[in-house]
Amino acid sequence: MAGLRREAEKPGQEGPASSSMRVKEPAVPRSRRFECISVVIPARNEARNLLILVEEIAEALNGRAYEVIVVDDGSTDETAEALRSLHAGGIPIRHLRHENACGQSRAVRTGVLAAKGDVVATIDGDGQNDPAFIPALVEALEAAGASAGLAAGQRLKRTDTKLKQVSSRCANSLRTAILKDNTRDTGCGLKAMPTDLFRRLPFFDGWHRYLPALVLREGYGVVHRDVIDRQRRFGQSNYGIFDRAARGALDLFGVWWLLRRGRKVPSVSERSIR
């Protein structure tokens, strides 16, 4: 157990050695258990994908308390009808709607602010992220203890177009070199974070791609889990490559500035004044 000491023994000698020679065992993080998982899905015109994805989430989280929050980012398809059908099937699902499309970051933010669970798991609405990995991410965050603030999925065997893969690889390399966030793939939609921490992070458009750096800025650690990417079943991407690239340099500079301006994280304790 953490904090216990064992006495060292001299070679060839049994029994306790001098009390001046002690070896301290390494500290073991104290795990935690989240009571309810809020799964946040930003989605725009993903009705057919959501019908399958939400059923998969329900299966993956069987045995745990959870809710599914679909943030409908100005969809013009049958998203509302699809969610009513899923709700009628007994799935604890909520429908939050943006009357106009506001982008993926704002959709994630809307879901986080509305979450009732004490941990938020995010997943893209296109079905390329496999929800079977959500429990592993939440459990990794639980096992890491209170010092960890984020469990981030890292995609293997990506199924995106070559253009998207190359642009993502270049962006990840540049971001890692500048921000030192030790995360090879921040674009993966599969992430888990305590709700209270998620709400404290500074928000800006594009923020969801810089969560590891922002969590490190707050003094918490990041754990990673490999996940398998899948092919999109229906439709096409509603959040493009070139609009991200156009803003990427400015966002990167902005996050670098935030990190520089928030270097010192205080260790706070409340003292009795009696």
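The values are calculated or read from the model by the stated rules, or taken from the named source; none is laboratory data. Keep in mind it's a predicted model, so treat the numbers as computed, not measured. All Cβ positions, glycine included, derive from the backbone under ideal geometry; neighbour counts span all protein chains shown.
Taking the condition modelled with pLDDT of 65 or more and either buried (at least 18 other Cβ atoms within 10 Å of the Cβ) or in a strand (DSSP E or B) (or both), does Thr176 pass? Give the derivation first.
Details: modelled with pLDDT of 65 or more: yes; either buried (at least 18 other Cβ atoms within 10 Å of the Cβ) or in a strand (DSSP E or B) (or both): no.
Taking the combined requirement at face value, the residue does not satisfy it.
Here is a list: Ala121, Ala152. Which entry is within 17 Å of Lys191 (Cα to Cα), in contact with a His (Cβ under 6 Å, 6 or more places away or on another chain) and part of a strand (DSSP E or B)?
Working: Ala121 fails: in contact with a His (Cβ under 6 Å, 6 or more places away or on another chain).
Only one candidate qualifies: Ala152.
In the stretch 194-221, how many residues are part of a loop (DSSP other than H, G, I, E, B) and charged (D, E, K, R)? Lay out the reasoning, then the answer.
Step one: list which residues in the stretch 194-221 are part of a loop (DSSP other than H, G, I, E, B), which gives 201-206, 218-220.
Then keep just the ones that are charged (D, E, K, R); that gives 205, 218.
Result for the stretch 194-221: 2.
Could you count how many residues in the stretch 60-86 are without any contact (Cβ under 8 Å) to a residue 60 or more places away in the chain and in a helix (DSSP H, G or I)?
Within the stretch 60-86, residues that are without any contact (Cβ under 8 Å) to a residue 60 or more places away in the chain and in a helix (DSSP H, G or I) number 8.
Which of the residues that make up the stretch 109-146 are among the small types (Gly, Ala, Ser) and more than 23 Å from Arg232 (Cβ to Cβ)? Give the steps one after another, and end with the answer.
Of the stretch 109-146, the ones among the small types (Gly, Ala, Ser) are 111, 114-115, 117, 121, 125, 127, 132, 136, 140, 143-146.
Answer for the stretch 109-146, where residues must be among the small types (Gly, Ala, Ser) and more than 23 Å from Arg232 (Cβ to Cβ): Ala114, Ala115, Gly117, Ala140, Ala143, Ala144, Gly145, Ala146.
Output the residues belonging to the stretch 222-249 that are at pLDDT 90 or above and either over 12 Å from the mean Cα position of the chain (by Cα) or not in a strand (DSSP E or B) (or both). So that I can check it myself, show each step before the final result.
First pass over the stretch 222-249, keeping only residues at pLDDT 90 or above: 222-228.
Passing the criteria: Asp226, Val227, Ile228.
Please give the number of the condition Asn182 fails out of (1) at positive phi; (2) of a type outside the set (Val, Ile, Thr); (3) in a strand (DSSP E or B).
Failing condition for Asn182: (3).
Working carefully through the options Gly125, Gly145, Gly103, find the one that is crowded, with 22+ Cβ neighbours inside 10 Å and in contact with a Pro (Cβ under 9 Å, 6 or more places away or on another chain).
Details: Gly145 fails: crowded, with 22+ Cβ neighbours inside 10 Å; Gly103 fails: crowded, with 22+ Cβ neighbours inside 10 Å.
Every option except Gly125 fails the conditions.
Is the stretch 109-127 home to any residue that is farther than 20 Å from Phe198 by Cβ, over 12 Å from the mean Cα position of the chain (by Cα) and modelled with pLDDT under 95?
Step one: list which residues in the stretch 109-127 are farther than 20 Å from Phe198 by Cβ, which gives 126-127.
Those left that are additionally over 12 Å from the mean Cα position of the chain (by Cα): 126-127.
Next, from what is left, pick out any that are modelled with pLDDT under 95: 126-127.
Yes, the stretch 109-127 has at least one match.
Quick check on Arg155: is it closer than 22 Å to Gly125 by Cα and modelled with pLDDT of 70 or more?
yes
Taking into account only those residues within the stretch 199-221 that are surrounded by fewer than 16 Cβ atoms within 10 Å (Cβ to Cβ), in contact with a helix residue (DSSP H, G or I) (Cβ under 8 Å, 6 or more places away or on another chain) and among the charged types (D, E, K, R), which is modelled with the lowest pLDDT?
Looking at residues that are surrounded by fewer than 16 Cβ atoms within 10 Å (Cβ to Cβ), in contact with a helix residue (DSSP H, G or I) (Cβ under 8 Å, 6 or more places away or on another chain) and among the charged types (D, E, K, R), I get Asp205.
Quickly run through the stretch 178-198 and pick out the residues that are touching a strand residue (DSSP E or B) at 6+ places or on another chain (Cβ under 9 Å) and touching a residue at least 60 places away in the same chain (Cβ under 8 Å). Please lay out each step first, then the result.
Restricting attention to the stretch 178-198, the residues satisfying the condition of being touching a strand residue (DSSP E or B) at 6+ places or on another chain (Cβ under 9 Å) are 181-195, 197-198.
Answer for the stretch 178-198, where residues must be touching a strand residue (DSSP E or B) at 6+ places or on another chain (Cβ under 9 Å) and touching a residue at least 60 places away in the same chain (Cβ under 8 Å): Gly189, Leu190, Lys191, Ala192, Met193, Pro194, Thr195, Phe198.
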